[in-house]
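Input: a single structure, listed below in structure tokens.
The values are calculated or read from the model by the stated rules, or taken from the named source; none is laboratory data. Just so it is clear, the structure is predicted and the values come from calculations on it, not from any experiment. For accessibility, only protein heavy atoms count, side chains too; no ligands or nucleic acids. Shrake-Rupley method; radii C 1.70, N 1.55, O 1.52, S 1.80 Å.
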Amino acid sequence: MKTLIGMSGGVDSAVTAALVSKAQDAAGITLQLYDGNNVEIIEKNAREAQDAADVCKKLGISHSVLDLKTEFHDLVIKYFIDEYIAGRTPNPCIQCNIHIKFGAMLKFAQENGFDRIATGHYARVEKSGERYLLKKALDSTKDQSYVLYGLTQDQLSRTVLPLGDYTKAQAREIAEELKLCVARKSDSQDICFVPDGDYAAFIERNTGINFAAGDYLDICGNVLGSHKGVIHYTIGQRKGLGIALGRHAFVLSKNAQTNQVVLGDEEHLFYKQIEVGGVNIIASDSLDNIKAAGKLRYRHTEQPCTIHQTGKDTVILEFDAPQRAPSPGQAAVFYDGDTVLGGGTIIRGIK
């Protein structure tokens, strides 16, 4: 088996390389995804690639760099911008995993004689009969199965995720023991192409659009005041609204077509049913009438629900208790214990 290891320049992918190369013929590769023609980002990318190269040299394996900036722009950044403009809240990391890390990188690996790819994600892949299963990492505080729900059977069959069996602390211990240069490197927390976290400013810079102010409405359609453009708001938001109503107000919904944002009390944010589209089923052929645990955000605690399959790739999640602020565009992922049954994109909440 020959394995191509995706290496970001961080400790997780470095330890992955160490674990994989110990038992298999392996090589490391760093993906160049975005620089924004920004000197700071270009220099940071160069440092990350050099760190990855230094780790590979230490481990005695080859290292290369693959330029996927065009693919990343077309499949991730454009999606991110289009979703926000349409009034939804996207998760670009999930798209990057599907189309770039386990898409374009896997394709490159196969074209260059590699059987599999490995990444530093904290999750596990196991084979059960003829089906490959995606499972949570043993370290629940680092589990990344939520952002991998979109992987197909073919992608899973060609994927190695060694860190799923380790805690983050253990990974750092391995890096220290091997004296890897990245052993004490801090984790990156930001979306790579929006390092300052200002999504709206990024979208305005990249589209040249100045998003117009619009009306805040109450649930009855009465105008409450003015907002600065729908891309600045997310469902459930309370802070930074720029309006005083004499009580806490939350973003209940937004309409990109009419440029209106509806505000109201927190109680109106709760929904017992969630419609989900673009569903990828991993653990079985169908999911109708299945008891599960649903997760609506990366940091959301899974909640008991029943899955009702309404079409080939659509389901309705019926939760035992109403859930707060399901946001169109975000991912809903469903579990049976530590096994990912599948997941998709939230369309809407249903009262």
Note, ³J(HN,Hα) from phi for region 253-268, Karplus 6.51, -1.76, 1.60, rounded to Hz, x at Gly and Pro: 6, 8, 10, 5, 5, 9, 6, 10, 10, 9, 10, x, 6, 4, 4, 7
Quarter of Cα convex hull surface for region 1-156, i.e. mean projection, nm²: 10.4
Inverse mean reciprocal Cα-Cα distance (Kirkwood Rh) of the chain, Å: 21.7
Region 107-237: Cα Rg divided by the 2.2 N^0.38 Å rule of thumb: 1.55
C-alpha long axis of helix 168-177 to longest principal axis of the chain, angle in °: 30
Base-10 log of normalised Debye intensity for region 1-89 (one unit scatterer per alpha-carbon) at q = 0.16, 0.19, 0.20 Å⁻¹: -0.70, -0.85, -0.90
Nearby lysines by direct alpha-carbon distance to residue 44 (threshold 19 angstrom, same-chain neighbours under 8 apart not counted): 69, 185
Distance between region 267-308 and region 1-75 - C-alpha centres, whole angstrom: 34
Those aspartates and glutamates that a straight Cα-Cα span of less than 20 Å connects to residue 58, excepting residues fewer than 8 apart in one chain: 12, 25, 48, 173, 176, 177
Antiparallel DSSP beta bridges within the chain, percent to nearest 5: 75
Rounded percent of accessible protein surface that carbon and sulfur make up, the chain, 1.4 Å probe: 47
Nearest-ten-degree value, helix 39-59 long axis tilted from longest Cα axis of the chain: 40
Rounded to the nearest 10 Å², the accessible area of residue 186 at probe 1.4 Å: 100
Amide H contacts under 5 Å for residue 253, placed H, 5+ residues apart: 262
Accessible area expressed per residue, the chain, with surrounding protein chains retained (probe 1.4 Å, Å²): 47
Relative contact order (%) - criterion: Cα under 8 Å, at least six apart; region: the chain: 15
Cα-Cα over 19 Å, subset of 78/295; 135/291; 2/101; 254/312; 135/168: 78/295; 254/312
